[in-house]
Amino acid sequence: MEVEILARIQFAFTVAFHYIYPPLSIGIGLIMVIMEGLYLKTGNKQYEVLTRFWLQIFAITFGIGVATGIIMEFEFGTNWAVYSKYVGDIFGSALAAEGLFAFGLESTFLGILIFGWNRVSPKVHFISTIGVFLGSMFSAVWIVVANSWQQTPAGYHIVGEGFNARAEVTDFWEMVFNPSSVDRIIHVWQGAFLAGAFLVLSVHAYYLLKGRYIEISKKAFKIALVIATVVSFSQLVSGHSSADGVSKNQPAKLAAMEGHYEKSAPADLYLFGWVDNESQEVTGLGLPGGLSFLVHQDFEAPITGLNAFPKEDRPSQVNAVFQFYHIMISIGMFLIALTFYASFLWWKGKLFDSKWLLRIFAFSVLLPQIANQTGWFAAEMGRQPWIVYGHLRTSEGFSQEVSANQILFSLILFFVVYSLLFLLFMYSLNKKIKHGPYQEKKNELEII
């Protein structure tokens with residue numbers, strides 16, 4: 001297998017595995033802020049118990065996330081040396097900002113958050129919880145800014161030529177607020193909130209089905225359901241705004257997402273389908289002119305298709321982009337329906353009467369994770385063949401001195417190590433969940 005393909009597979013594997021954890025940390029962080037805020041406001045010890053319980057799960061998730069994220073920085077240097085040189089100034093600025101504004105904030109308050117119970121005042125501890133949550137949010141900001149610059153470069157100029165070419169920042173804030181960054185940051189935050197909310201919903205649905213921690217689980221379930229309902233619906237807004245930006249800045253990606261080939265013609269919006277890249281046809285169920293309506297509010301408005309671009313300048317794996325994009329959309333619509341139906345039952349006073357609904361929530365923890373992963377795969381594969389859109393091709397960005405065998409060996413090694421880390425994470429998470437928020441003893445709350 002070619003060096004470029006192996007390098008792409010290795011980075012895709014490591015970044016996809018890493019991305020299991022940061023969204024959970026952000027989402028759980030938001031829920032901890034709400035739970036501890038309710039404890040301070042009401043004095044109800046059950047909210048303190050919930051905060052302490054989810055703090056333990058947050059710590060596990062945060063630790064694995066940090067461990068799995070470090071390796072990606074080394075991959076930039078080993079497998080993508082030309083790319084690293086090209087974007088060094090851009091990424092250096094963004095990652096330096098992450099260290100100052102995000103990691104510094106997290107590290108300042110994390111020790112107080114974990115070890116500060118009964119050592120600092122409740123208000124100081126609450127401020128620490130907010131600080132860690134904001135730190136995780138800011139960390140996502142700078143990572144997404146760096147990635148968004150690859151999608152829609154701004155605030156730079158190119159110095160040098162060939163392998164010596166590199167992008168230099170000319171306007172830091174124009175680089176930060178490049179055409180796609182704000183929409184993508186909001187969408188990433190929302191995906192993270194859903195990942196954390198559905199983990200909480202899953203765990204406490206499991207407790208309710210087992211008849212354990214009934215009262216405290218109902219409180220946690222309702223908190224997470226409010227977040228999941230609001231965020232799942234609001235993702236429609238950010239998703240539409242992001243897709244509208246793609247139509248303007250990356251039309252080839254948008255065409256691939258819906259399998260639209262004609263140079264300039266109304267484009268359909270598919271619910272599902274299969275793209276044949278050879279015949280340039282999509283077999284599936286779609287709304288005629290639906291994509292044209294979403295982009296231009298006109299069913300007859302033309303959309304730029306893949307045939308408007310040279311073959312070497314457009315995604316080659318059109319069906320993969322199409323499928324990943326539609327999996328994300330399908331899951332998003334299902335989560336909206338699920339949370340709105342559960343909210344309706346809550347309004348009717350019947351939320352916890354349906355065991356079948358609780359079973360769905362118990363298994364639903366996987367859905368936001370799948371949607372997050374497929375969304376990123378659609379975005380990154382849709383950018384191809386560019387590693388920096390319109391400027392540097394992926395085929396030009398990998399290291400020239402690394403052999404295929406070296407990458408393959410390290411990929412196998414990473415797979416083994418990451419598998420062990422995942423098993424450790426699942427073992428620790430399962431142990432905490434089975435133990436529960438407190439010892440069940442005569443209906444008293446014995447905090448772990």
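Here are a few things to note about the model shown:
- Amide H contacts under 5 Å for A265, placed H, 5+ residues apart: I303, G305
- Mean separation of Cα pairs under 8 Å and 6 or more residues apart, divided by the residue count, gives the range 136-266 a relative contact order of 22 percent.
- Which of K432, K263, K311 has the fewest Cβ neighbours within 10 Å, and the rest in rising order: K311, K263, K432
- For the listed residue pairs K85/K263; K219/K432; K123/K350; K41/K432, the alpha carbons are over 30 angstrom apart in K85/K263; K123/K350.
- Part-to-part distance (alpha-carbon centres) for the range 19-60 and the range 332-398, which is given in Å: 22
- The chain: angle of helix 21-42 to the longest principal axis, Cα-based, in degrees nearest 10: 30
- Once you reduce the range 130-176 and the range 219-240 to the center of their Cα atoms, the two points are 29 Å from each other.
- The range 22-127: trypsin sites (Lys or Arg not before Pro) in DSSP loop, at most 14 other beta carbons within 10 Å: R119
- Among the GluC sites (Glu not before Pro) in the range 188-291, those located in a DSSP loop and surrounded by at most 11 other Cβ atoms within 10 Å of their own Cβ are E278.
- In order along the range 254-271, phi translates into HN-Hα couplings of 4, 4, 5, 4, 10, x, 9, 9, 4, 4, 8, 7, x, 10, 7, 10, 8, 7 Hz, rounded to whole numbers, per the Karplus curve 6.51 cos²θ - 1.76 cosθ + 1.60 with θ = phi - 60° and x for Gly and Pro.
- Under the combined filter of DSSP loop state and at most 16 neighbouring Cβ atoms within 10 Å, the range 338-417 retains these trypsin sites (Lys or Arg not before Pro): K348, K350.
- For the range 186-400, the gyration tensor built on C-alpha atoms gives a prolate shape. Its axis ratio a/c (a ≥ b ≥ c) is at least 1.5, and a/b is the larger of a/b and b/c.
- Rounded to 10°, Cα long-axis angle of helix 104-115 versus longest principal axis of the chain: 30
- The modelled label-to-label distance for the pair D298/K355, using points 7 Å beyond Cα in the direction of Cβ, is 5.7 nm.
- Using a Förster distance of 45 Å, the FRET efficiency for V226-Q280 (Cβ separation, nearest 0.05): 0.50
- Taking the chain and dividing mean pair separation by its residue count, relative contact order in percent (alpha carbons under 8 Å, at least six apart): 20
- On the basis of the beta-carbon distance and an R0 of 51 Å, K431 and Q317 show a calculated FRET efficiency of 0.80.
- For the range 367-372, 3J(HN,Hα) per residue [Karplus equation, 6.51 cos²θ - 1.76 cosθ + 1.60, θ = phi - 60°, Hz, x = Gly/Pro]: 5, x, 5, 5, 5, 4
- Amide proton proximity set for G286, modelled H, under 5 Å, gap of 5+: L271
- Cα shape, the range 288-412, gyration tensor, a/c 1.5 rule: oblate
- Working from Cα pairs under 8 Å separated by at least six residues, relative contact order for the range 186-400 is 24 percent.
- Computed from Cα atoms, the angle from the helix 81-97 axis to the main principal axis of the chain rounds to 40 degrees.
- Stretching the chain fully between F101 and E215 yields a gain of 37.2 nm (0.36 nm per residue, less the alpha carbon separation).
- Remark: the W346-T42 segment gains 107.3 nm on full extension, using 0.36 nm per residue and subtracting the alpha carbon distance.
- Label zone of I5 (point 7 Å out along Cα→Cβ, amide N under 18 Å): in the range 314-333 this covers 315-321.
- In Hz, Karplus ³J(HN,Hα) per residue of the range 135-148 (6.51, -1.76, 1.60; θ = phi - 60°; x = Gly, Pro): x, 5, 5, 5, 4, 4, 4, 6, 5, 5, 4, 4, 5, 5
- A cut-off of 5 Å between modelled amide H atoms, ignoring neighbours fewer than 5 places along the same chain, links W386 with T394.
- Note on F13 and L420: the extension gain reaches 145.1 nm, defined as 0.36 nm multiplied by sequence separation minus the Cα-Cα distance.
Here, each number is a calculation from the coordinates, and none is a lab measurement. Remember, predicted model here, so these are calculated numbers, not experimental data. As a convention, Cβ positions derive from the backbone with ideal geometry for all residues, glycine included, and neighbour counts pool all protein chains shown.
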